Amino acid sequence: MKLNPLFLFLGIPFLAQARNEKPNVVYLMSDELAYYELAHMGNPLIKTPVIDRFAKQGIRFTHALAGSPVCGPLRCNLMTGKHAGHSSVRANDGGTPLRAEEETIASLLKEKGYATGGFGKWGCGGRDSTGVPEKHGFDVFFGYYDQVHAHSFYPPYLVRNSEEVHLPGNDGGRSGGTYAQYPIMNEALRFIEENKDGPFFCYLPFTPPHGMYDVPEDEPAWKLYDGDKWMSDPSVPQDAKNYAVMVSMIDRQLGQVLALLKKLNLEENTIVFFTGDNGGQDRFRSEDRPRGFFGPNVDPKTKIEFRGGKGSLYEGGLRIPFLVRWPGQIKAGQVSDLIFYQPDVLPTLTELCGARTPEEVDGLSVLPTLLGEKNLGRKQKTHKMLYWEYGNQVAVRHGSWKAIKAGKTSPWALYDLSKDPSETTDLSSSEAKQLASMVNFAQKEHQPVRPGTFLDPTRARHNRDRQAKFGFSGVSSIASQNAFHRLDHPDLLPNNQIRLLSASSQNIGNDKRARYVIDGKPETIWHTQFSPNLEKHPHELVLDLKKARPVRGVQYLARQDNGWNGTFAKTEFFLSQDKEVFPDKPLVRTFAKQKKAQTFRFPKTISARFMKVRILSEANGKEWASAAEIGVLVSPKNHGK
């Protein structure tokens, strides 16, 4: 009888202790790569030849789910094995850290002699916090610690173990001399080669295709699209074309990893995971493509849709691609309908690598599904129920049943995904008993969040990383490309004569504070709260002009980066001498989707000390609001004190 070395290592009862060969682990997670954006899933536009072969060479999961619907929280779920009701990172602000004592996949494998390296976007704690990766088991982590930093592929620097590594020719924004994904990839390959005598855990949370949709003109993946008519169609946004090439670049880089493993004779002792992080976004929408140019949550064959997308606990926010390959150990050509989620990865890897699994872990090992129940000598355990929360949303999965509370004041809804994968038919009334058991489970699973802390209360280096998205030259790459616009009306009241009195919300964790609307700096923005809870319209600001003034109008400056999120559309203005009492009838303006300052001249001059700004809608139809600057126009003689 020929014995499989893996099963000898795993300690199957009748083969125990015959050998101790620890497998290497590569876990590649592509940021926001959606379930239906891969060619083997029928996507007609995006080319992924390596991933398609990879899917045939191992196992593909049809019901793999994110632990949370956004970047930071799900990375915590993945690394700690805890679901969203027990995790320390539940806000998607880019900086919320793990607690100092929390164990991760890396720290547990390190106990068993593994070399541990991470390359890409961390998202579980900014610099000088309790959550930095080198304090949670990683020998080396190279890339971005903060999610805002990771939006640019041309930042001035990347971070290695909390120290900056300069990238020549870069100053943030959308262009520069060094494309950040390339040195990240090179460092990952170097780590594998340097640790070829193993064992090693190589974690690759790659940023593409998320972030600013930029890719070098000489990226080899462009060649895959030679002759594709849509690539030369001027009506297709350039960012959409770039996005496709970014996905194909990740495909190419997966091929580089596999080629290196083969070259080093490590294929048969290395398990490789390829996956996305959370559900896709309906990017590059149009009237004829309302679910996005690439249809990330639409089955291209059947046209059946997943409801929602990133940030939502509907299937569109949670369903992810998940492929695993291991020649000689995982049978090729498998497709599994096992329902599992990212907290299950930690116990899977600790079992596989002979490491300790902490008691507080919520996940279950899926190793019997990967390697075969007969080979492991036990059945695959499954969750009685799975739990999610994000902001005011809560969801529970029980087999094919999905219960979801979509908002703070929303009622619970119940769907049978086996018959209704688009979550359109609420069965809460007819299946009240089923819903009640799931709601009861949800109530038991939530615990108050206990995040980590920043050791530097000023968060100086963390905030520096966030600014690195735009650069430090005073005029970033974005500014040099498009030029920051500014408020420019001759009747503007000086900023030092305006005080922010109140704001309905602001996203402090992302440093998008309400006071930035009057700071005179177009590179800073106010954004309403979107994490951990999404605040919806109407949004309000109240400005104090310090004394009664003859107000003639306002100027509005939309955010000056490459995004449009929060751009004002229909907006009301109320003027009063009393901060507690404003008139019922507002002055109304619907602003255009443009970067230049927009002026709204009132029909007549109004004497007022206080101005309330109420935003009723957003240029893209979303729920938030943002502004680079808001200016008040007064009669010229009232410009001073």
Subject >> Condition broken by Ser418, with the remaining ones in (1) part of a loop (DSSP other than H, G, I, E, B); (2) open to solvent by 50 Å² or more (accessible area, probe 1.4 Å); (3) more than 22 Å from Arg60 (Cα to Cα) satisfied >> reply: (3)
Original post:
Of the numbered conditions (1) modelled with pLDDT of 95 or more; (2) open to solvent by 10 Å² or more (accessible area, probe 1.4 Å); (3) in a loop (DSSP other than H, G, I, E, B); (4) aliphatic (A, V, I, L, M), Ala91 satisfies every one except a single condition; which is it?
Top reply: (1)
**OP:** Output the residue which, of all residues in segment 111-129 that are open to solvent by 10 Å² or more (accessible area, probe 1.4 Å) and either in contact with a strand residue (DSSP E or B) (Cβ under 7 Å, 6 or more places away or on another chain) or not in a loop (DSSP other than H, G, I, E, B) (or both), is nearest to Thr348 (Cα to Cα).
**Re:** Ala115
Original post:
modelled with pLDDT of 95 or more, part of a strand (DSSP E or B), open to solvent by less than 10 Å² (accessible area, probe 1.4 Å) and touching a Ser or Thr at 6+ places or on another chain (Cβ under 6 Å): does that describe Phe138?
Top reply: no
Original post:
Cβ-Cβ below 9 Å, separation at least six or inter-chain, first residue in segment 41-58 and of a type in the set (Lys, Arg) and open to solvent by 10 Å² or more (accessible area, probe 1.4 Å), second part of a loop (DSSP other than H, G, I, E, B) and modelled with pLDDT of 95 or more: which pairs?
Top reply: Lys47/Asp228; Lys56/Ala332; Lys56/Gly333
**OP:** Filter segment 183-205 for residues that are open to solvent by 30 Å² or more (accessible area, probe 1.4 Å) and farther than 25 Å from Glu32 by Cα and give the result.
**Re:** Arg190, Glu193, Glu194, Asn195, Lys196, Asp197, Gly198
**OP:** Just need a number here: residues in segment 349-366 that are outside any loop (DSSP other than H, G, I, E, B) and under 14 Å from Ala64 (Cα atoms).
**Re:** 0
Subject >> Selected residue [buried (at least 21 other Cβ atoms within 10 Å of the Cβ) and farther than 30 Å from Ser312 by Cβ] from Leu74, Leu108 >> reply: Leu108
Subject >> Some residue of segment 14-33 being open to solvent by 40 Å² or more (accessible area, probe 1.4 Å), modelled with pLDDT of 95 or more, out of contact with any Pro (no Cβ under 9 Å at 6 or more places or on another chain) and of a type outside the set (Lys, Arg) >> reply: no
**OP:** Those residues that are open to solvent by 70 Å² or more (accessible area, probe 1.4 Å) and touching a Phe, Trp or Tyr at 6+ places or on another chain (Cβ under 6 Å), I need them from segment 579-592; list them, please.
**Re:** Lys579
Original post:
If you go through segment 155-162 one residue at a time, do you hit one that is open to solvent by 20 Å² or more (accessible area, probe 1.4 Å), over 15 Å from the mean Cα position of the chain (by Cα), hydroxyl-bearing (Ser, Thr, Tyr) and more than 26 Å from Gln393 (Cβ to Cβ)?
Top reply: no
Original post:
Any idea which of (1) at pLDDT below 95; (2) surrounded by fewer than 15 Cβ atoms within 10 Å (Cβ to Cβ) is the one Arg283 doesn't satisfy?
Top reply: (2)
Subject >> Any chance Met246 is open to solvent by less than 40 Å² (accessible area, probe 1.4 Å), outside any helix (DSSP H, G or I) and under 20 Å from Arg285 (Cβ atoms) >> reply: no
Subject >> Where Gly553 falls short, out of the listed (1) open to solvent by less than 50 Å² (accessible area, probe 1.4 Å); (2) without any contact (Cβ under 8 Å) to a residue 60 or more places away in the chain; (3) small (Gly, Ala, Ser) >> reply: (2)
**OP:** Starting from segment 139-168, keep only residues that are free of Cβ contacts under 8 Å to residues at least 12 places away in the same chain, then list their pairs with residues that are buried (at least 24 other Cβ atoms within 10 Å of the Cβ) and outside any loop (DSSP other than H, G, I, E, B) whose Cβ atoms are within a distance under 8 Å, requiring at least 6 positions of separation or different chains.
**Re:** Glu164/Leu158
**OP:** Name the single residue, out of those in segment 426-477 being among the aromatic types (Phe, Trp, Tyr) and not in a helix (DSSP H, G or I), that is farthest from His149 (Cα to Cα).
**Re:** Phe454
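The values are calculated or read from the model by the stated rules, or taken from the named source; none is laboratory data. Computed from a predicted model, the values in this text were never measured in an experiment. No Cβ is skipped: glycine too gets one built from the backbone with ideal geometry, and neighbour counts run over all protein chains shown. The accessibility values were calculated without ligands, DNA or RNA, using every heavy atom of the protein model including side chains. Shrake-Rupley method; radii C 1.70, N 1.55, O 1.52, S 1.80 Å.
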